[in-house]
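Trainee: Below is a structure I'd like to ask you about.
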Amino acid sequence: MSLKQEVRDFIFKHLRDHPHDVVRMIVERFEVSRQTANSYLRSLVDEGLVYGEGKTKARRYFLKDFVNKAFDIPVTPDLMEDTVWLETVQKYLRDYPKNVVSICHHGFTEIVNNVIDHSESSKIDIEVIVNALQIEMVIRDHGIGIFEKIKNDLRLDNKWYAILELSKGKLTTDAEKHTGEGIFFTSRMFDEFSIWSDDLFFRTSADNQDWIFEIEEKDLVLKGTCVSLFLDPRTTRTAREVFNRYEDEDSRFSKTHVPVRLAKFEGEDLVSRSQAKRLVTRFEKFTEIVLDFRGVSIIGQAFADELFRVFQNAHPGIHMIYVNANQDVERVIKHVRLTGQVGQQLSLLDEP
Ligand SMILES: Nc1ncnc2c1ncn2[C@@H]1O[C@H](COP(=O)(O)OP(=O)(O)OP(=O)(O)O)[C@@H](O)[C@H]1O
Ligand SMILES: [Mg+2]
């Protein structure tokens, strides 16, 4: 990558959080003069991607939005998500690469379909913001609220576990008409995907194909559901490649990736069999499960035994893989797996 390109990427990455001191940051990072740093910013200004405000020391730079639109769509019984796409976002993305448009089309229509089919909201608020760095689509309804809906329909103990269930995929509260794929795939196609509903905020972000899941409790309560989708228009990701990651040879959605951390409620440790049972709920719908232990510092023996021995022995056809386990976690997993194998061999030997 040329230095010019590197500096431009650096500016795009840091401009939002550092409008005041981005020039200083360029000077430090690339060991160039202030004058040179300024000239990089000026060329972005000349291209219409960035704009500046204020003079000399007070000068600040911002990304210029090419599109910043809001729409209010009434939900009528015959409203179709594709019509909403055509009437709102589509025209602004005409000149973008096919892979970008296809991801935006998929995600947007899935989330709008959810509002129409699940939210009981009478309207959808849509926001589209496009600049050099990202395409942002925000879809907000004023209905029942996604976490509340899932908690009630699945009779979960609390809304927090709705996030765990959503992350597994194949979760639907209307199995006759739906399969539970919308949020699973959409959340993995975008660079950032978030849901805010009530006082819970759930965010996933893709960073080098690795997924980071975060939950925050908000002071502000949002009635309904607000989903935000962010995509870097320079992405090379395709919707097909995301589907491929979770599909088998017959193009069936059969693999999942579960952040184990989401099974923890309010910072508790993962120690008990009941926590493991909560984690494995609906695992039998998949043939391959990647258990991601990022953010889990320790697990108890009973938790691991339930997961890697009891559940695994009861479901030998399910391939369970673990990733991002630290040494302590891995030691416990290896121990129970070994015990499981010894147990199996012994029971085979015991047979007449
Ligand atoms: N805006 C919303 N308001 C209330 N509940 C929602 C909303 N969006 C999604 N949900 C809940 O989340 C569940 C999962 O949504 P998701 O889009 O992943 O699957 P689905 O819509 O059921 O199936 P599919 O998307 O494959 O048609 C839904 O079944 C519904 O219970
Ligand atoms: Mg859906």
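Trainee: With region 219-321 as the region, which helices (runs of 4 or more DSSP H) entirely inside it contain at least 2 residues that are in contact with a Ser or Thr (Cβ under 8 Å, 6 or more places away or on another chain), among the β-branched types (Val, Ile, Thr) and in contact (Cβ under 8 Å) with a residue 12 or more places away in the chain?
Mentor: Because the criterion is at least 2 residues that are in contact with a Ser or Thr (Cβ under 8 Å, 6 or more places away or on another chain), among the β-branched types (Val, Ile, Thr) and in contact (Cβ under 8 Å) with a residue 12 or more places away in the chain, no helices (runs of 4 or more DSSP H) in region 219-321 meet it.
Trainee: Right, next: So which residues in region 106-136 are among the charged types (D, E, K, R) and within 13 Å of ligand 1 (Cβ to nearest atom)?
Mentor: Taking region 106-136 as the starting set, the residues that turn out to be among the charged types (D, E, K, R) are 110, 117, 120, 123, 125, 127, 136.
If the condition is that a residue be among the charged types (D, E, K, R) and within 13 Å of ligand 1 (Cβ to nearest atom), then GLU110, ASP117, GLU120, LYS123, ASP125 are the ones that fit.
Trainee: Taking region 152-188 only, how many residues are part of a helix (DSSP H, G or I), closer than 15 Å to LEU279 by Cα and open to solvent by 40 Å² or more (accessible area, probe 1.4 Å)? Steps first, please.
Mentor: Pass one, region 152-188, residues part of a helix (DSSP H, G or I): 152-154, 160-168, 182-188.
Cutting the leftovers down to closer than 15 Å to LEU279 by Cα gives us 154, 160-168.
Restricting the remaining residues to those that are open to solvent by 40 Å² or more (accessible area, probe 1.4 Å) gives 154, 160.
Counting residues in region 152-188 that are part of a helix (DSSP H, G or I), closer than 15 Å to LEU279 by Cα and open to solvent by 40 Å² or more (accessible area, probe 1.4 Å) gives 2.
Trainee: Out of the residues in region 163-203 that are more than 14 Å from ligand 2 (Cβ to nearest atom) and without any contact (Cβ under 8 Å) to a residue 24 or more places away in the chain, state the one that is farthest from LYS13 (Cα to Cα).
Mentor: ASP199
Trainee: Follow-up. List, please: which pairs have Cβ atoms under 8 Å, are six or more places apart or on different chains, and start with a residue in region 110-133 that is free of Cβ contacts under 8 Å to residues at least 40 places away in the same chain and end with one that is open to solvent by less than 10 Å² (accessible area, probe 1.4 Å) and near ligand 2 (Cβ under 9 Å from one of its atoms)?
Mentor: Close Cβ pairs (under 8 Å, with a partner that is open to solvent by less than 10 Å² (accessible area, probe 1.4 Å) and near ligand 2 (Cβ under 9 Å from one of its atoms)) do not exist here.
Trainee: Ok, one more. Run down LEU171, LEU164 and say which single residue is under 17 Å from VAL280 (Cα atoms), under 18 Å from the mean Cα position of the chain (by Cα), near ligand 1 (Cβ under 7 Å from one of its atoms) and among the hydrophobic types (A, V, I, L, M, F, W, C).
Mentor: LEU171
Trainee: Of everything in region 218-244, what is in contact with a strand residue (DSSP E or B) (Cβ under 9 Å, 6 or more places away or on another chain), within 16 Å of ligand 2 (Cβ to nearest atom) and under 26 Å from ASP9 (Cα atoms)? Give them in sequence order.
Mentor: LEU229, the sole residue that qualifies.
Trainee: Further question: Based on this model, can you work out whether THR256 counts as of a type outside the set (Gly, Ala, Ser) and at pLDDT 95 or above?
Mentor: Answer is yes for this residue.
Trainee: Check ASP199 against each of (1) buried (at least 17 other Cβ atoms within 10 Å of the Cβ); (2) more than 8 Å from ligand 1 (Cβ to nearest atom); (3) more than 30 Å from VAL100 (Cα to Cα) and name the one condition it does not meet.
Mentor: Here ASP199 meets the rest and fails (1).
Trainee: A further question on this structure: Could you figure out which of (1) closer than 20 Å to HIS257 by Cβ; (2) more than 23 Å from the chain's Cα centre (by Cα) isn't true of PHE286?
Mentor: Failing condition for PHE286: (2).
Trainee: Among the helices (runs of 4 or more DSSP H) confined wholly to region 31-145, which include 2 or more residues that are crowded, with 18+ Cβ neighbours inside 10 Å and assigned by TED's automatic domain parsing to the domain that holds LEU15? Give the steps one after another, and end with the answer.
Mentor: Values: elements: 34-46, 81-87, 98-114.
Correct list: 34-46.
Trainee: Same structure, new question: State which residue pairs qualify: first residue at pLDDT 95 or above and inside region 68-86, second residue of a type in the set (Ser, Thr, Tyr) in any location, beta carbons under 7 Å apart, and separation of 6 or more residues or different chains.
Mentor: PHE71/THR88; PRO74/SER122; VAL75/SER121; VAL75/SER122; GLU81/THR109; ASP82/THR109; TRP85/THR109
Trainee: Which residue is farthest from VAL89 (Cα to Cα), if the candidates are limited to region 233-249 and must be open to solvent by 40 Å² or more (accessible area, probe 1.4 Å) and not β-branched (Val, Ile, Thr)?
Mentor: GLU249
Trainee: Among the numbered criteria (1) more than 10 Å from ligand 1 (Cβ to nearest atom); (2) under 17 Å from PRO74 (Cβ atoms), which single criterion is violated by ARG140?
Mentor: The failed condition is (1).
The values are calculated or read from the model by the stated rules, or taken from the named source; none is laboratory data. Not measured: the values here are computed from a predicted model. All Cβ positions, even for glycine, are placed from backbone atoms using ideal geometry, and neighbour counts span all protein chains on display. The protein model used for the area step is the full one, side chains on, heavy atoms only, and it has no ligands, DNA or RNA in it. Shrake-Rupley method; radii C 1.70, N 1.55, O 1.52, S 1.80 Å.
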